[in-house]
Every structure is written in structure tokens, then in C-alpha cells.
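Just so you know, all these numbers are worked out from the coordinates, no wet-lab data involved. Note that this is a predicted model, so its numbers are computed, not measured. Note that we place each Cβ from the backbone using ideal geometry, even for glycine, and neighbour counts take in every protein chain shown.
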């Protein structure tokens, strides 16, 4: 199955000029969702990984399934104020302003080999902040993985020091 065809494009959402890539149609298609998760599993089944982190919220979907299949620890990277324990946080830039993500301080140990996963990379701000969180806790980022990449937004350029894997690219459309 061509996974790209399982992703709906919604023009002009959330604002004019944006071509929104809606992953919910892939999630609603059992065959496509299984294939996507199986492909991620095949890529990482023989890699030396201790922890899988998922970025809120759709990174939770793919990250938790992969952690289950690989029998690895799964760690949430959340928006501010959602985690009850002691946290570390990282601020990052948006088009207009800043945002923050957080992780429990005790979720990654020194030397842990960490895979960061999210559904999509656009400008790269959120995942760059996630990389910084892992490094603050002295973990080692093995790779950053995404189901979708929007290459025109050059988000991967912010990850020059990291290995990156993307499954599907939507270029210029």
C-alpha cells in the first residue's frame, strides 16, 4: 500500500495557504496503520535503543506502538503543565512567539540510547527542543523518526547533528 495515499490533505487549514496533512485518515485505515507501524518496527528491531520518546500528541500513537513491539520504555514529551512529577523543559521558537515542551526529569538516565518519534516534521522547532531535552538528561539521541516530512519547510536542517528518518515526503504540494 502507498501510505502517502492514506493521508488526507486539507487545503487552507488552519489558515489560508496551508496544505494540512491529516494523519487521522492513516490511523483510521487499519491496513495503512499496521503497515506504518510494521515498517517502523522493521527499521528499529535490531537497533540498540533503550528508550522511545513520543512528542505530544500524535508521536504518542506511533511511539507507544513501537515501544510495545520492541519491548522498550516509552517516555512522553508533553506540552507545559501536563506532567505531575519533577520536569525538565525546553522553550523553542514559533513563527510568532515561543512554546515549551516538558519531560519527567527521571525518565531518561545518563547514557540511555533514545529514539525520538513524531508524526510530522515541518519547521523542526519541536523536535529540536526534544533533542535538547534528551541531552539535558544526558541521553544519547540515536535517531529522530517521522511518518511525514514537509521538506519545503526545511525542518531537518535544524537536526544537522542527528540522524533522521522519514517515511513519506510531501514536497511543494
| said: Students often get this wrong: which residues of segment 105-130 have the backbone nitrogen under 13 Å from the point 7 angstrom along Cα-to-C-beta of residue 154? | reply: 123-124
| query | How large is log10 I(q)/I(0) at q = 0.16, 0.18 Å⁻¹ when the Debye formula is applied to the Cα atoms of segment 88-165, each weighted equally and without solvent? | reply | -0.56, -0.71
| message | Tell me the mean residue ellipticity at 222 nm calculated for the chain from its helices only (DSSP H runs of n ≥ 4, each -39500 (n - 2.57), averaged over every residue, nearest 500). | response | -7500 deg cm²/dmol
| Using alpha-carbon positions, what is the distance between the centroids of segment 120-159 and segment 1-49, in Å? | 17 Å
| query | Which of the peptides 8-20, 154-166 is most tightly packed, and how do the rest follow, judged by the mean count of other Cβ atoms within 10 Å per residue? | reply | 154-166, 8-20
| query | In a Debye calculation with equal point scatterers on the alpha-carbon sites of the chain and no solvent, what is log10 I(q)/I(0) at q = 0.14, 0.16, 0.17 Å⁻¹? | reply | -0.73, -0.96, -1.08
| Taking the Cα atoms of segment 35-121 alone, what are Rg (to one decimal) and Dmax (as a whole number) in Å? | 13.6, 41
| said: Could you identify which residue out of 56, 149, 31 has the top mean-square fluctuation in a GNM of the chain using Cα springs shorter than 10 Å? | reply: 31
| said: Once R0 is set to 25 Å, what does the formula 1/(1 + (r/R0)^6) return for the Cβ-Cβ distance between residue 95 and residue 162, expressed as a FRET efficiency to the nearest 0.05? | reply: 0.65
| task | Restricting to segment 46-169, compute how many DSSP beta bridges are antiparallel as a %, nearest 5. | result | 30 percent
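Work out, in µm²/s and without decimals, the Stokes-Einstein translational diffusion coefficient of segment 1-66 at 20 °C, 1.002 mPa s, Rh from Kirkwood over C-alpha pairs.
Diffusion coefficient, whole number: 161 µm²/s.
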| said: Calculate the FRET efficiency for residue 86 and residue 19 from the Cβ-Cβ distance with a Förster distance of 41 Å, rounded to the nearest 0.05. | reply: 0.55
